[in-house]
1. For the chain, which whole percent of the accessible surface, found with a 1.4 angstrom probe, sits on carbon and sulfur atoms?
2. Name the long-range amide H neighbours of residue 27: under 5 Å, sequence gap of 5 or more, or other chain; modelled H, no Pro or chain starts.
3. Ignoring everything except DSSP H segments at least 4 long, calculate the 222 nm mean residue ellipticity for the chain; use -39,500 (n - 2.57) per segment, divide by total residues, nearest 500.
4. In percent, what relative contact order does the range 1-142 have, based on Cα pairs under 8 Å that are 6 or more apart in sequence?
5. Counting only heavy atoms of the protein chains, get the accessible area per residue of the chain (1.4 Å probe) and round it to a whole Å² value.
6. Tell me which of 14, 187, 147 sits at the most positive position along the dipole axis of the chain, charges placed on C-beta atoms (Lys, Arg +1; Asp, Glu -1).
7. Contour minus end-to-end for residue 176 and residue 234, with contour as 0.36 nm per residue of separation and end-to-end as the Cα-Cα distance?
8. With a/c under 1.5 counting as rounded, go ahead and sort the chain into rounded, prolate or oblate using the C-alpha gyration tensor (a ≥ b ≥ c being the square roots of the eigenvalues; past the cut-off, prolate if a/b is larger than b/c, else oblate).
Amino acid sequence: MGDIKNESLKATAVQSTLSTQWLGRSYQYFADVGSTNDLLKEALAQEGEQRLAAGTVFLADHQNQGRGRLNRRWLAPAGSSLLLSALFRPDWPPEQAQWLTMLASLAAAEAVETVTNLIVSVKWPNDLVVRQKGGWHKFCGLLLEGNMGENGRLQSAVLGVGVNVNIPPAQMPEAVTPATSLLAVTGRPISRLALLADFLQRLETWYEAANNGHSPQPAWNRRLVTLGKRVQVSRSSGDWQVTGMVLGTDEWGRLQVQDESGKLHAIAAGDMTLQ
Ligand code: BT5
């Protein structure tokens, strides 16, 4: 085996490793970009008759404008991570959009568990975490940006995925939820290529199941790290917050929290901290 840390994710290497039917079959590699989500959204906005194929994947070794939700930064040293965006054309009702985040986090969790021997949990709404030193550390974040069609359905969706693969502990980004990488938890470098190929295969399978009406929500709920725990959920603008016990999520990925008075809240988006 060659040097895992310097493995190439250029198109030739990826195409010969992929086992998918359509996901990642149209693939572009970038050494350095602003944000793969922005780049794919720009390509989508500019497309004419030559439509971008569903399943198009843009991947970068480095982003200088990597984004989380609400324009937060996503930071990763060059060559250390999986930083990619994939295009879907779901034609789903808008409330089903969260399925994409759920099924992509399941695909990523399964791929990481296959390639490493870690146990992966999901943290609502869009994070993957592992247990390290008695606490939960985030190693993956997802960013879904959808477009509604004139018929009010989800016409296209750009799904961004950032996985901290080989970030050395000394270079770990500062973050609200402590950050970690697969290298930092397992103590060994992990093949980004093997992880990418496994992830895309599983993502394709989960997506097709969802497209046939199979909900990712039960499997996602089983991995939920906060199930039965007391949490505080707030909107980033800070204009409301709810404290209570997590009962799970509903079909559309809304977090169900029961507050002290027994009142049930179904929360579509926000930031959550364990109490
Ligand atoms: C996310 O947002 O977790 C979504 C991250 C999506 C990144 C991918 S990379 C490819 C694609 N192109 C993009 O431009 N983005 C996507 P959010 O839940 O809002 O979390 C953002 C917060 O995570 C930041 O405010 C930091 O506190 C923290 N953070 C930043 N970099 C991190 C890292 N590498 N690992 C863990 N946490 C990080």
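1. Of the solvent-accessible surface of the chain, carbon and sulfur hold 49 percent.
2. Those lying under 5 Å, H to H, from residue 27 are 57.
3. -7500 deg cm²/dmol
4. 17 percent.
5. Heavy-atom accessible area per residue stands at 46 Å².
6. With unit charges placed on the Cβ atoms, the residue in question is 187.
7. Contour length minus the Cα-Cα distance gives 19.5 nm.
8. Oblate is the answer for the chain, as a/c is 1.5 or above yet b/c matches or exceeds a/b.
The values are calculated or read from the model by the stated rules, or taken from the named source; none is laboratory data. The shown structure was predicted, so the numbers you read here are calculated from the model rather than taken from an experiment. No Cβ is skipped: glycine too gets one built from the backbone with ideal geometry, and neighbour counts run over all protein chains shown. Note: areas computed on protein heavy atoms with side chains; ligands, DNA, RNA excluded. Shrake-Rupley method; radii C 1.70, N 1.55, O 1.52, S 1.80 Å.
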